[in-house]
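Undergrad: Once you've had a glance at the structure underneath, I'll fire off some questions.
Computed from the coordinates by the stated procedures, all read-outs in this text should not be read as laboratory data. Not measured: the values here are computed from a predicted model.
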């Protein structure tokens, strides 16, 4: 347990960091362009706002969730100074629930929005159970420079009409708005009509409709919804759209199968390149119109269908037939957190054997009561895709409790002649891999039986584990995820070119330690040997070893004499 002294030390360290940031802002340090504000002492808010208002180099300011514990009166003093800033391009407020109680704070923010012509991106993640909608509507209607806008509402029962007004207020920005994200809301009525009209006339390139929102004050999430009427209006707007490239519909649980068919019909004729449909309770019946849409669409490169567990193997088998069409351009497919079994995996295998376009695939199977639907046999059959010389796969995520030694051996054998796959990501914490399975991967990365086999080993593959996702900085923390021998080989692959990785593995395997194997050089053709030595002698250790090997040098002299 941490004692009071430890906590006090952390506060003092954080305060010194804050003071350093404040100094950089006050001196207008040109290298300090991004600031995240967590907690400042109550007496510092006015000083901080004034310093930001005078700064000409800040481009991004994020008011983080910790600031919600500051009395709103200090936020008002902060925004008074902030209003004079003219350089900030991105402004974000995360979970500050008290500010709407003080209209003066919104008045200062509105002035900041109007006068700061540099402002392009505005993100508001707020709990507004006490109001604030009217103030935001007024603010949005007062300027029209936004290129990106995100509104996430954390409120159990938000007012449909008020949220509609917020969405409708964005009409003035639609000519320049490129990315729109709205989360935790009810998309009905006036707001839905405004959004659909914007789809038909605007240059919006990204639209993210997230009908869930993080609950900042407790576990779980609040869910908004879009009903069938709103969804049909949305489909009409989508059918007339020519600019949208990215569409996300997340947690749309209240749309019936017929309405999904309308959306997918509209999708088949537009130019969307990325379609994200997460947690929307799609089922086998909805897979049919989606399959037809994929067969007609010629622009979709990314399809993500995470957490749609109502889809069975029958639905997946239907959808995956679209990958076999000659004009498919799909490069990324995410089927994670779904109930996929061996039948679905076999359908995926057959589809990819006829596909040379897909580059990234994620199959992170859902687990129900400890049961894993894909067996080790299913994954071993899938390894035929990795053996396929026409496969384009570069990233493969197969997070499953059925990954065992047999699967690892099958994958290792399949990847022996595969230099296209760059990442193989396995859910290590859920697997039954033993040292025998790890040995297969070690041998794939560095076959020690001969110099030639080491040279022909896999020097492109990288691996990570599902458990590193929470900390992206640990994405390639190999030492934490894999045995030491695999970790060192993965690091060599990641940090070097293919030729350099091969050279380092040969040096470490065959030319280090107490027994140095030199006879391969003696057996080489005279015309080849100098190039091989020059290639190896780039490393200082090998150069010193060669100088200490008179038998090899004598062999060189004999060869030269015989050649004369």
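Undergrad: Can you bin segment 249-357 into rounded, prolate or oblate? Criterion: square roots of the alpha carbon gyration tensor eigenvalues sorted a ≥ b ≥ c, rounded for a/c under 1.5, prolate for a/b above b/c, oblate for the rest. Please list the in-between numbers first.
TA: Numbers: a/c = 1.65, a/b = 1.10, b/c = 1.49.
Cα axes put segment 249-357 in the oblate bin.
Undergrad: Just the projected area, averaged over all directions, of the convex hull on the alpha carbon atoms of segment 240-312: how many nm²?
TA: 4.4 nm²
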